[in-house]
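Have a look at the structure below before the remarks.
The values are calculated or read from the model by the stated rules, or taken from the named source; none is laboratory data. Computed from a prediction, not measured in an experiment: that's the story for all the values here. Positions of Cβ are backbone-derived with ideal geometry, glycine not excepted, and every protein chain shown enters the neighbour counts. Accessible surface is based on the protein model in full, side chains and every heavy atom, while ligands, DNA and RNA are left aside. Shrake-Rupley method; radii C 1.70, N 1.55, O 1.52, S 1.80 Å.
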Amino acid sequence: MSDPNRNGQAYGFQAMTPIQPGMEDDLRAHLEGMHAEGSPFAKLARTHMARFVIVPDFYNDRSWGQKEEHLDLQYLIFTSNLDGDIDSYLDELCDVVAPDAQEIWGRCVGCPADASGTALKKYLKHNQIDCGFFYAAYGDATVGKVQAALAQREKVIAFASRTQGLDPAELQQAFVAEFGGK
Amino acid sequence: MAAATPKVDLADLQGDILRAYGNDYDHTTYAFVKIECPPEQARAWFADLLDHVTTAEPWTKGKPLTTLNVSVTAPGLAALGVASEVIGTFSREFREGMSSRATLLGDIGPSAPSSWERGLGTGDAHVLLTINAQERVDHRRALGKMRTAMDGFGGLRIVYQEDTALLEGSREHFGYADGFAQPAIEGSGDDKARGGGVPLAKGGWRPLAPGEFVLGYPDEDTRVDPKRRLPNAPAAPLGKSGTYMVWRKLYQDVAAWRRVMRDAATLYKDGDEEKLAAKVVGRWPDGSPLVTHPEKPDPKFDASKSAANDFRYYDADRDGKRCPLGSHIRRSNPRDALGFEGHLSFRHRMIRRGMPYGDELPAGSMKDDGVDRGLVFVCFQASISRQFEGVQVQWLNTGNLFALGHDTDFILGDPNGKGKMTIQGDPPFFLSPQEVFVKTRGGEYLFVPGMTALSAIADGIA
């Protein structure tokens, strides 16, 4: 059976961990602060997109006849869309993101006291939930490939914008100078 | 099946929201008042104001010479003694205030709050009094009355005042007819549904639910399923018949705009300067839309007619060759351009009641004369984050949704001066340089309470 977490070469990872009671506000504050300072996940070059969500409770709309239910604990959901295999990615994550990991998963139930390295990896894998359906916008393009394509696009647009109004011979000369060719 | 939408209680709603007072009122003053006295004293002044507030009730005895409307910022509610638990029920963006959300809104560089007009964006602006008048003499009298009343109560200071007046032909400073395309709202008595509401799959339009703009009424969610909750509103009685208001002073560099259009037009092979500028706006100066009149203005165009805005993009101009994908009006209100029969856009509408300020730059002048001129942008909505901020952040300040990469709204300008606009065609035209044509000079997020709510605040029971 095919891996439900895979789409092309992209992998969709998600882990859900209960937050230690009383730690919710600190965790939320840390996550909000990360946004301002630049995400540590930017250091993981294989990450397309990583996201944290805190689920504080169920919402039951009683006007729809739903029974009121509540979560015993709040939950942290972590998702990441990444290139290649999950094992080496988590190795990298547990190393590079370690200082933040302590502030994040260190506030979750069952996390090892030292939230880094193989112990953290084991914890994250233990709490992994398979994707029900993993959609990757461009599953076959790696982050590097996407960035190269965007850079090329920028280059072409800048060229087109700069050379507006040139006659065909000048345009050809400018094109060859910019992009090479015979 | 949707139930019938309850009629908006016009006697409880302040005026100029659902229906505009109209162009007869060509003088408007916005006065931001700081409360420096104890809440009880401020509430006495507030109670005194109430008798003069103009409601949304139809005028049966002719138009009043002047109108007065009142709105309040979050610090203003506190200064009036509204309990903090009650203030906590207002929306987060309102409580944070516009200046706190500057980065999100793109108010950076020359538009950053550190360069705003004194008195705006600092927490000092508490109550906004909006005075409209038909004649200059009435306007002066109303302003005098306002100041005398404030002096009488004491402890009240105007920290910022903007006096505005309509320009010839209801145009804004870049020369375009403005403000006539508004959302059509059910039960407002002014359902210009054609082009202003929600495009229907089989053709035609329907008006939007009133709760998109006035709190306490069904919105587009509740409309579909009456079991759903009404939109989030401040605690009773403050939420009923209230609406959130955005006030922004936007400086317009008319000389820079004219120079860029003149210079760029020399390279523009598909037309002249007027057409190039129309491509940026999405309309010709008289307001006729490019999507229906791509080559020249419609000589029969009449902005006051209900058909004036009856157009769509998806079938008529999906590739933007008539009206560019990134033109100002298409970004601000994409109608059905994003597909899905307009479902991605109709929850992001707002009622605009802007006024130009400052004298016009003489026709043809390409040199800035140092005069402060621009637009006081005002809009009303049930949710500032979904409606105003949604449009500003997702549609005007980025190009992603329209497949335009880094292009931002050309008119609003690029604080870095590196942007451009893509004008679709064969070949496309790249318009640059994108200078700072518009600068934010200040702004506030406000709440416009209904009449019951105003009384509750004045009585100290909120």
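On the stretch given as the range B:312-353, residues that are under 21 Å from B:Ala277 (Cβ atoms) and open to solvent by less than 10 Å² (accessible area, probe 1.4 Å) total 10. Residues in the range A:32-57 that are in contact with a strand residue (DSSP E or B) (Cβ under 6 Å, 6 or more places away or on another chain) and either outside the structural domain of A:Ala15 (by TED's automatic domain parsing) or crowded, with 17+ Cβ neighbours inside 10 Å (or both): 6 in all.
Test A:Ala177 against the criterion of being in a helix (DSSP H, G or I), exposed (fewer than 11 other Cβ atoms within 10 Å of the Cβ) and either more than 13 Å from chain B (Cβ to nearest Cβ) or not basic (Lys, Arg) (or both), and give yes or no.
On the way: in a helix (DSSP H, G or I): yes; exposed (fewer than 11 other Cβ atoms within 10 Å of the Cβ): yes; either more than 13 Å from chain B (Cβ to nearest Cβ) or not basic (Lys, Arg) (or both): yes.
Against the criterion (in a helix (DSSP H, G or I), exposed (fewer than 11 other Cβ atoms within 10 Å of the Cβ) and either more than 13 Å from chain B (Cβ to nearest Cβ) or not basic (Lys, Arg) (or both)), A:Ala177 qualifies.
Of B:Gly442, B:Gly450, all but one fail to be away from chain A (no Cβ under 14 Å) and at positive phi; the exception is B:Gly442. Determine which member of the set B:Arg386, B:Arg349, B:Arg330 is assigned to a helix (DSSP H, G or I) and at pLDDT 95 or above. Testing whether each residue is assigned to a helix (DSSP H, G or I) and at pLDDT 95 or above leaves just B:Arg330. Within the range B:279-293, track down each residue that is over 21 Å from the mean Cα position of the chain (by Cα) and open to solvent by less than 20 Å² (accessible area, probe 1.4 Å). Once the filter is applied, which keeps residues that are over 21 Å from the mean Cα position of the chain (by Cα) and open to solvent by less than 20 Å² (accessible area, probe 1.4 Å), the range B:279-293 yields B:Lys279, B:Leu290, B:Val291.
For B:Ser111, the criteria (1) out of contact with any strand residue (DSSP E or B) (no Cβ under 6 Å at 6 or more places or on another chain); (2) polar (S, T, N, Q); (3) buried (at least 16 other Cβ atoms within 10 Å of the Cβ) hold in every case but one, which is (1). Among residues of the range B:361-374 that are free of Cβ contacts under 8 Å to residues at least 60 places away in the same chain, none has a beta-carbon under 8 Å from a residue that is open to solvent by 70 Å² or more (accessible area, probe 1.4 Å) and of a type in the set (Val, Ile, Thr) at least six positions away or on a different chain. Answer yes or no: is there a residue in the range B:69-79 that is in contact with a helix residue (DSSP H, G or I) (Cβ under 6 Å, 6 or more places away or on another chain), closer than 30 Å to B:Asp414 by Cβ and open to solvent by less than 30 Å² (accessible area, probe 1.4 Å). No, that holds for no residue. Taken over the range B:390-406, the criterion of being in contact (Cβ under 8 Å) with a residue 60 or more places away in the chain, over 22 Å from B:Glu93 (Cβ atoms) and open to solvent by 10 Å² or more (accessible area, probe 1.4 Å) is satisfied by B:Phe402, B:Ala403, B:Leu404. Taken over the range A:134-155, the criterion of being more than 15 Å from A:Ala10 (Cβ to Cβ) and either open to solvent by less than 70 Å² (accessible area, probe 1.4 Å) or at pLDDT 95 or above (or both) is satisfied by A:Ala148, A:Ala149, A:Ala151. Can you say whether A:Gln102 is open to solvent by 30 Å² or more (accessible area, probe 1.4 Å), within 21 Å of A:Glu24 (Cα to Cα) and under 20 Å from the mean Cα position of the chain (by Cα), as far as the supplied structure shows? Answer is yes for this residue.
If I filter the range B:218-236 for residues that are crowded, with 19+ Cβ neighbours inside 10 Å, touching a Pro at 6+ places or on another chain (Cβ under 9 Å) and within 21 Å of B:Glu57 (Cβ to Cβ), do I get at least one hit? I'd like the intermediate steps shown before the answer.
Residues of the range B:218-236 that are crowded, with 19+ Cβ neighbours inside 10 Å, as a first pass: B:218-219, B:222-223, B:231, B:233-234.
With touching a Pro at 6+ places or on another chain (Cβ under 9 Å) added as a condition, the list becomes B:218-219, B:222, B:231, B:234.
Right, trim to within 21 Å of B:Glu57 (Cβ to Cβ) and you get none.
The answer is no, given that none of the residues of the range B:218-236 is crowded, with 19+ Cβ neighbours inside 10 Å, touching a Pro at 6+ places or on another chain (Cβ under 9 Å) and within 21 Å of B:Glu57 (Cβ to Cβ).
Considering each of B:Tyr251, B:Tyr244 in turn, give the residue that is assigned to a strand (DSSP E or B), buried (at least 20 other Cβ atoms within 10 Å of the Cβ) and in contact with a Lys or Arg (Cβ under 9 Å, 6 or more places away or on another chain).
Numbers: B:Tyr244 fails: in contact with a Lys or Arg (Cβ under 9 Å, 6 or more places away or on another chain).
Exactly one of B:Tyr251, B:Tyr244 is assigned to a strand (DSSP E or B), buried (at least 20 other Cβ atoms within 10 Å of the Cβ) and in contact with a Lys or Arg (Cβ under 9 Å, 6 or more places away or on another chain), namely B:Tyr251.
Taking every residue in the range B:138-154 that is surrounded by 14 or more Cβ atoms within 10 Å (Cβ to Cβ) and pairing it with any residue that is of a type outside the set (A, V, I, L, M) and in a helix (DSSP H, G or I), at least 6 positions away or on another chain, the pairs with Cβ-Cβ distances below 8 Å are B:Ala149/B:Trp45; B:Ala149/B:Asp48; B:Met150/B:Trp45; B:Phe153/B:Gln41; B:Phe153/B:Trp45; B:Phe153/B:Asp48.
What number goes with the only condition from (1) touching a Pro at 6+ places or on another chain (Cβ under 8 Å); (2) more than 20 Å from B:Gly442 (Cβ to Cβ) that B:Ser170 does not pass? It is condition (1) that B:Ser170 fails.
Pairs meeting the criteria (first residue in the range B:411-431 and within 10 Å of chain A (Cβ to nearest Cβ) and over 18 Å from B:Arg322 (Cβ atoms), second residue surrounded by fewer than 22 Cβ atoms within 10 Å (Cβ to Cβ) and of a type in the set (Phe, Trp, Tyr), beta carbons under 7 Å, at least 6 apart or on different chains) are B:Lys420/B:Phe430.
Can you tell me which residue is farthest from the chain's Cα centre (by Cα) among those in the range A:142-158 that are of a type outside the set (A, V, I, L, M) and more than 10 Å from every other protein chain (Cβ to nearest Cβ)? If we take residues in the range A:142-158 being of a type outside the set (A, V, I, L, M) and more than 10 Å from every other protein chain (Cβ to nearest Cβ), then A:Lys155 is farthest from the chain's Cα centre (by Cα). Determine if the range A:49-68 includes at least one residue that is free of Cβ contacts under 8 Å to residues at least 40 places away in the same chain, of a type in the set (D, E, K, R) and under 25 Å from A:Asn5 (Cα atoms). Looking through the range A:49-68, at least one residue is free of Cβ contacts under 8 Å to residues at least 40 places away in the same chain, of a type in the set (D, E, K, R) and under 25 Å from A:Asn5 (Cα atoms).
Would you confirm, using the coordinates I've provided, whether A:Ala151 is assigned by TED's automatic domain parsing to the domain that holds A:Thr17 and of a type outside the set (Val, Ile, Thr)? Before you say what the answer is, go through the steps one by one.
Details: assigned by TED's automatic domain parsing to the domain that holds A:Thr17: no; of a type outside the set (Val, Ile, Thr): yes.
For A:Ala151, the condition - assigned by TED's automatic domain parsing to the domain that holds A:Thr17 and of a type outside the set (Val, Ile, Thr) - is not met.
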